[in-house]
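> Structure below; questions to follow.
The values are calculated or read from the model by the stated rules, or taken from the named source; none is laboratory data. Bear in mind the structure is a predicted one, so any value in this text is a computation, not a measurement. Positions of Cβ are generated from backbone atoms using ideal geometry, with glycine treated the same way; all protein chains shown enter the neighbour counts. Only protein heavy atoms, including side chains, enter the accessible area calculation; ligands, DNA and RNA are left aside. Shrake-Rupley method; radii C 1.70, N 1.55, O 1.52, S 1.80 Å.
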Amino acid sequence: MLNYRHLHYFWVVTKEGGFARAAERLDMAIQTISAQVRELEKSLGHQLLKPSGRGVALTEAGQAAFARAEEIFQLGQCIADEVREAASGKVARLAVGLSDGISKLAAHALLEPVLATDNLRLVCHEGEFEQLLAELALHHLDLVLAGQAAPRNPNLRLVSERLVESPVEWYGPARLVGTTERDRFPQSLNDLPVLLPTGHSALRSTLDHWFDTQGLRPRIVGEFEDSALLAVFAARGLGVFPISSLGASDVGLMQGLHLLGRCDDVKEEIHAIRSRRGQHHPLVLQVIAAARA
């Protein structure tokens, strides 16, 4: 197993540019530090430092080791603060994973009930569904919001619950959404520039099927992974776009967007996925209770 004390000495030597300055910083003998770095090189099987003038320089192997050491010790410097905050009970931490296929505006609406929590520290990660489930299983996340339920896998020990099934509404800028377009909806989608989520979204496949059943052939002018970004481009006049009615509660934040129409037979689902060990997190329970209500 890697000796992190040896790695720390190597890290300090590199940052100080030599063994003498590292020894002064650590208040240790140069010979001791040099011996510890040699032990690290021996355990890794590669030379990490080479003489350079009056100091040392990194070999190629040393550059790789130093890059990781930087990450490790920068994270390590955060531990004391985080432990102190946790012990004081002053920080309410909630780490949420957002599957890259769901509406971020809808996710905001679901999380809104806890946003006024005193001393809240909300950490949001966006990523692929399988990656987020792995992070959740390792207890790096408290909650995952996704467009699908977690697969049945006893090894992951996850609990999945559908929070919402929200009908889809269409919005667009004033110059594209007039009385005529609203009256002709959804057929007016054949004549308007349309913005859609990309194919990785569960909503996209539902919309494509709906277009077929309605006999629609929309002119797609843009595809976006992020629903909030999609709404921004729509507000700037690029086209009309679909969003769940839950996410539409935040559309008012975008100036100039107007309701075109609503399709009740197209729905976006959002599921809450928790680990069994972490399913009693008070903020997670608050999010779920608010969604049920």
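> Within the group Val240, Val251, which residue is outside the structural domain of Ser160 (by the TED database), open to solvent by less than 10 Å² (accessible area, probe 1.4 Å) and modelled with pLDDT of 85 or more?
Numbers: Val251 fails: modelled with pLDDT of 85 or more.
Unique residue meeting the criteria: Val240.
> Moving on to the next point. Among all residue pairs at least 6 apart or on different chains, which show Cβ distances below 6 Å where the first residue, located in segment 1-18, is more than 13 Å from Ile33 (Cα to Cα) and the second is modelled with pLDDT under 90?
Correct list of pairs: Gly17/Gly55.
> Tell me, please, whether a residue that is more than 30 Å from the chain's Cα centre (by Cα) and on the phi < 0 side of the Ramachandran plot can be found in segment 67-89. Even if it seems obvious, please write down each step before you answer.
Taking segment 67-89 and keeping what is more than 30 Å from the chain's Cα centre (by Cα), we get none.
Taking every residue of segment 67-89 in turn, none turns out to be more than 30 Å from the chain's Cα centre (by Cα) and on the phi < 0 side of the Ramachandran plot.
> Can you work out which of the residues in segment 201-236 that are assigned to a loop (DSSP other than H, G, I, E, B) and open to solvent by less than 10 Å² (accessible area, probe 1.4 Å) is modelled with the lowest pLDDT? Please lay out each step first, then the result.
Going residue by residue through segment 201-236, those that are assigned to a loop (DSSP other than H, G, I, E, B) are 201, 215-218, 225-226, 236.
In the following step, the residues that additionally are open to solvent by less than 10 Å² (accessible area, probe 1.4 Å) were identified as 201, 216.
Numbers: Ser201: 81, Leu216: 95.
Here the answer is Ser201.
> Something else about it: Only one of Ile33, Ile72 is open to solvent by less than 40 Å² (accessible area, probe 1.4 Å), assigned to a helix (DSSP H, G or I) and not assigned by the TED database to the domain that holds Ser249; which? Let's see the steps before the verdict.
Values: Ile72 fails: open to solvent by less than 40 Å² (accessible area, probe 1.4 Å).
None of the other options fit; the residue is Ile33.
> Residues in segment 117-174 that are more than 29 Å from Asp208 (Cα to Cα), part of a loop (DSSP other than H, G, I, E, B) and under 18 Å from the mean Cα position of the chain (by Cα): how many?
Summing the residues that are more than 29 Å from Asp208 (Cα to Cα), part of a loop (DSSP other than H, G, I, E, B) and under 18 Å from the mean Cα position of the chain (by Cα) in segment 117-174 gives 5.
> Within segment 122-139, which residues are open to solvent by 60 Å² or more (accessible area, probe 1.4 Å) and either closer than 13 Å to His281 by Cβ or among the aromatic types (Phe, Trp, Tyr) (or both)? Spell out the reasoning first.
Taking segment 122-139 and keeping what is open to solvent by 60 Å² or more (accessible area, probe 1.4 Å), we get 122, 124-126, 128, 130-131, 135, 138-139.
Across segment 122-139, the qualifying residues are Leu122, His139.
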